[in-house]
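Scroll down for the structure; my scribbles are underneath it.
Derivation of every value follows stated rules applied to the coordinates shown; laboratory data play no part. Since this is a predicted model, take the numbers as computed values, not measurements. So basically every Cβ, Gly included, is an ideal-geometry build from the backbone, and we count neighbours across all protein chains shown.
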Ligand SMILES: Nc1nc2c(ncn2[C@@H]2O[C@H](COP(=O)(O)OP(=O)(O)OP(=O)(O)O)[C@@H](O)[C@H]2O)c(=O)[nH]1
């Protein structure tokens, strides 16, 4: 004896909805699982139009799309429908339908509830939205960080520039832009240190403009400043990068000559004196007296400065526009 499907299971108990409708869309059969899903009693649906199971939009979709396909193709596969149960709750289902033999003219529909998938899809959409929101937020944070970084960099540049300006102000004579007295003394200490350690010889020139007071008196203080500025340029042009030229007093300048013997320093002083004498000045001739000395191993700052000043005094005393050398203490 051949066995049939119904020997193995009862269609009223399979975990899918089964629904049969006739050509007029009246329900002619419905299985128990579908009744339970829809919360109807069998007598409430039998003979009723399947339209009763749709909400407005669902009904339109069924009538204009799904049902015409069932009629014309005789089958539909995996179409998505939203039914509504007796309490008007939505029941999303996948539909497979097939036309019954011609004599019957109806359709049998298999309805697979996809409520869980529906929830899952909702969750996926929500998760995607959340991910997009988080991404947007992250992009905002990244943009904010970038803005802060640029601002910080800008501030850092400003600070660096400000520090440079402060450094320049602290180390430079504002009138001539040469090193100021403080920087000069620091450099002199460094140079003396090198001499003491036997690394190198070095010499000091102290230079003073002759009769500068008369320039001020004859042409005014502002014109005196012009001469001081111009003198700063003349001296700076004569100075090697390793040397230090500074304005150490009103009309007094100094030059630290690294690596120079006393004779070399004297030559340098003569060159400068001649250059100043030959420079074209707006207020008549300007000359300079220069005292020269070597830095000695036993020197300190005061000693070397005193010796150079003594030589300068001698140059002034002997008639100015001269170079004098002071070799010993
Ligand atoms: N224009 C100007 N004058 C200054 C500045 N600092 C000092 N002096 C002037 O420099 C002059 C220095 O005069 P003195 O010390 O008498 O020396 P001198 O006239 O150069 O004469 P000798 O050095 O003896 O050749 C004074 O008149 C000061 O007022 C300054 O920054 N600008």
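Note on the stretch 9-101: along the principal axes its Cα atoms extend 31, 31, 23 Å, ordered by decreasing extent. Helix 181-196 axis versus longest C-alpha principal axis of the chain: approximately 80°, rounded to the nearest ten. Separation of the stretch 43-98 from the stretch 274-308 is 111 Å, based on Cα centroids.
The C-alpha atoms of the chain define a longest principal axis, and helix 301-317 lies at about 50 degrees to it.
Seen against the Cα atoms of the chain and their longest principal axis, helix 262-278 is set at about 90 degrees.
Rounded, prolate or oblate for the stretch 205-329? Axes are the square roots of the Cα gyration tensor eigenvalues, ordered a ≥ b ≥ c, and the cut-off for rounded is a/c under 1.5. In terms of gyration-tensor shape, prolate.
Compute the normalised compactness of the chain: alpha-carbon radius of gyration over 2.2 N^0.38 Å, N being the residue count. Please report the intermediate quantities before stating the final value.
On the way: Rg = 53.1 Å, N = 329, 2.2 N^0.38 = 19.9 Å.
Dividing the Cα radius of gyration by 2.2 N^0.38 Å gives 2.67.
Here the calculated FRET efficiency for residue 283 and residue 186, from their Cβ-Cβ distance with R0 = 30 Å, stands at 0.35, rounded to the nearest 0.05.
FRET efficiency for residue 86 and residue 7, Cβ-Cβ distance as r, R0 = 41 Å, nearest 0.05? That pair, residue 86 with residue 7, gives E of 0.75. Once Rh is set to the Kirkwood radius over Cα pairs, what Stokes-Einstein translational diffusion coefficient, in µm²/s, holds for the stretch 40-182 at a temperature of 4 °C and a viscosity of 1.567 mPa s? The Stokes-Einstein estimate is 59 µm²/s.
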